[in-house]
Structure formats: C-alpha cells, structure tokens
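This report concerns only the one structure given below.
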Amino acid sequence: MANPKTPNLGLNKIDRTSPSTTTFNTKTYLDDNADVIDEKFDVTAGHKHDGTAGNGPKLTASALANGAATDAVIGNRTVDQAIAAALADTGSVTQLLSFMAKTLKSVKGTENWKDEAATTLAAAYAHATNTSNPHNVTAAQIGAETPAGAQAKADNARKDSAKEFVLEVRTSDPASPVVGRIWYRSDLE
C-alpha cells in the first residue's frame with residue numbers, strides 16, 4: 001500500500017493502519033519531506049501564496065504590512081492612451097491609469113496625453129469671459145447690424161407706427177376688411 005500524504009504539501013505520512021508499524025524509513029519520512037518543505041520556500045521557484053495546493057493560502061490586503069506594496073514591489077506600468085475598453089471606475093492599476101491618459105488626451109486635444117497643452121483651463125476661461133473684444137472683431141465680420149443700419153430700421157419702424165389707428169364699431173362684419181383696421185361688433189355684447 002502507498003504511503004499516505006498530507007493534503008497541502010504532499011508530505012509523506014506513516015501508515016498507521018497497521019499496529020505493527022513501529023519502524024519507518026528515515027529517507028522517506030524525514031529527508032524527502034525536508035526536501036519538499038525546502039523547495040516550497042525557494043525564493044525563485046516555490047511558495048507563492050497563490051492559494052494553490054502546496055503554495056499556501058492566497059494573501060489578502062490585511063496580510064500585507066503597511067508600506068509593503070511600494071512602487072518597487074508593484075513595478076513599472078505602461079499606460080495605453082488608446083485603450084479600447086469603455087471608461088470605468090474599476091480595473092487594474094494599468095487600466096485605471098490608461099483611462100486617465102485617454103481622458104486627458106481627449107480634454108487637451110493633443111496627439112498624446114503627455115503632450116504640452118496649448119493653454120491652461122484658467123487662461124481659456126479668462127479668454128472666453130473677456131468682454132473687451134480682444135480680437136477687435138467688427139460688426140460686419142460677424143454679420144451684426146451697424147449703428148447706422150440699426151438707426152434706419154428704427155426710423156422705419158417709427159414711420160410704420162405713425163399710421164392712423166382705426167377702430168370701427170359695427171353691427172356686422174365688413175365685406176372687404178381693410179388691412180390694419182380693427183372693428184368691434186357692438187351687437188354681440
């Protein structure tokens with residue numbers, strides 16, 4: 001019968017199903033087991049704490065000491081300003097940084113997120129709210145009314161309003177109403 005093994009590290013156990021087991025092979029139970037344990041703590045090949053059998057339980061944030069996740073431990077990340085994924089609030093560090101680079105590139109209107117901006121938001125706001133005509137734009141350039149044209153229209157409107165106001169009191173509708181005249185039917189009161 002094969003020797004039983006431990007469930008996590010696969011260490012050899014003594015078969016205790018028979019009361020006659022009083023001796024054991026030191027190579028199998030000590031040396032081989034010591035080799036398995038030593039391999040699991042090899043800095044390049046063993047003990048990853050990834051939750052798989054023999055590698056220890058997966059570590060959670062509470063298992064890390066304060067300051068353990070430094071930039072050196074996490075390593076460099078490369079952003080992708082052309083990330084195809086829809087912007088989201090959740091993702092890996094690289095995805096979140098890529099979302100921010102994509103958004104910054106869009107806001108700046110530049111080819112790359114890290115390109116120098118053409119202006120600052122403060123300068124753009126100051127320019128947009130400047131009412132002193134900083135570009136010396138004329139009324140004719142934007143199709144606005146000139147002062148002389150506006151005065152001519154006002155004069156014409158005054159002439160139109162100087163026409164006689166006529167209110168007729170009638171007991172029937174006129175056969176041919178005159179444009180600009182109003183009538184009042186006194187018989188319908």
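The values are calculated or read from the model by the stated rules, or taken from the named source; none is laboratory data. Here the structure is a predicted model, which is why all the values come from computation and not from measurement. All Cβ positions, even for glycine, are placed from backbone atoms using ideal geometry, and neighbour counts span all protein chains on display.
For Ala126, state whether it is surrounded by 10 or more Cβ atoms within 10 Å (Cβ to Cβ) and either of a type in the set (S, T, N, Q) or over 21 Å from the mean Cα position of the chain (by Cα) (or both). First the steps, then the outcome.
On the way: surrounded by 10 or more Cβ atoms within 10 Å (Cβ to Cβ): yes; either of a type in the set (S, T, N, Q) or over 21 Å from the mean Cα position of the chain (by Cα) (or both): yes.
For Ala126, the condition - surrounded by 10 or more Cβ atoms within 10 Å (Cβ to Cβ) and either of a type in the set (S, T, N, Q) or over 21 Å from the mean Cα position of the chain (by Cα) (or both) - is met.
Answer with yes or no whether Gly149 is farther than 30 Å from Leu97 by Cβ and in contact with a Lys or Arg (Cβ under 8 Å, 6 or more places away or on another chain). Steps first, answer last, please.
Details: farther than 30 Å from Leu97 by Cβ: yes; in contact with a Lys or Arg (Cβ under 8 Å, 6 or more places away or on another chain): no.
Criteria not met by Gly149.
Spot the failing condition for Pro57; the list is (1) modelled with pLDDT under 80; (2) on the phi < 0 side of the Ramachandran plot, and only one is missed.
(1)
Just wondering, is there one or more residues in segment 34-43 that are out of contact with any helix residue (DSSP H, G or I) (no Cβ under 8 Å at 6 or more places or on another chain), in a loop (DSSP other than H, G, I, E, B) and not β-branched (Val, Ile, Thr)?
First, the residues of segment 34-43 that are out of contact with any helix residue (DSSP H, G or I) (no Cβ under 8 Å at 6 or more places or on another chain): 34-43.
Filter once more, so that each one left must be in a loop (DSSP other than H, G, I, E, B): 41-43.
In the following step, the residues that additionally are not β-branched (Val, Ile, Thr) were identified as 41-42.
Yes, the conditions are met somewhere in segment 34-43.
I want to confirm something. Restricting to segment 1-31 and keeping residues that are among the polar types (S, T, N, Q) and closer than 22 Å to Pro57 by Cβ, which single residue is modelled with the lowest pLDDT? Explain how you work it out, then say what you get.
Residues of segment 1-31 among the polar types (S, T, N, Q): 3, 6, 8, 12, 17-18, 20-23, 25-26, 28.
Still in the running and closer than 22 Å to Pro57 by Cβ: 6, 8.
Details: Thr6: 84, Asn8: 80.
Among those residues, the one meeting the criterion is Asn8.
Specify the residue that is modelled with the lowest pLDDT; the eligible residues are those in segment 32-43 that are of a type outside the set (A, V, I, L, M, F, W, C) and exposed (fewer than 13 other Cβ atoms within 10 Å of the Cβ). Steps first, please.
Our first condition is that a residue be of a type outside the set (A, V, I, L, M, F, W, C); within segment 32-43, this holds for 32-33, 35, 38-40, 42.
Among the residues that remain, those that are also exposed (fewer than 13 other Cβ atoms within 10 Å of the Cβ) are: 35, 38, 42.
On the way: Asp35: 84, Asp38: 78, Asp42: 66.
If we take residues in segment 32-43 being of a type outside the set (A, V, I, L, M, F, W, C) and exposed (fewer than 13 other Cβ atoms within 10 Å of the Cβ), then Asp42 is modelled with the lowest pLDDT.
Can you list residue pairs whose Cβ atoms sit under 7 Å apart, with the first residue in segment 48-62 being surrounded by 11 or more Cβ atoms within 10 Å (Cβ to Cβ) and the second being not in a loop (DSSP other than H, G, I, E, B)? Count only pairs 6 or more apart in sequence or on different chains.
Correct list of pairs: Gly54/Lys40.
Which number in (1) in contact (Cβ under 8 Å) with a residue 12 or more places away in the chain; (2) under 21 Å from Ala61 (Cα atoms) marks the one condition that Val73 misses?
Val73 satisfies all of (1) in contact (Cβ under 8 Å) with a residue 12 or more places away in the chain; (2) under 21 Å from Ala61 (Cα atoms) except (1).
Within segment 69-101, can you find the residues that are part of a loop (DSSP other than H, G, I, E, B), over 12 Å from Trp113 (Cβ atoms) and acidic (Asp, Glu)?
Asp89
Just to verify a result, which residue in segment 130-189, among those that are assigned to a strand (DSSP E or B) and at pLDDT below 85, is surrounded by the fewest Cβ atoms within 10 Å (Cβ to Cβ)? Break it down into steps so the answer makes sense when it comes.
Filtering segment 130-189 for residues assigned to a strand (DSSP E or B) gives 166-170, 181-185.
Now narrow it down to the ones that are at pLDDT below 85: 166, 181.
Numbers: Val166: 10, Arg181: 12.
So, considering only residues that are assigned to a strand (DSSP E or B) and at pLDDT below 85, the one surrounded by the fewest Cβ atoms within 10 Å (Cβ to Cβ) is Val166.
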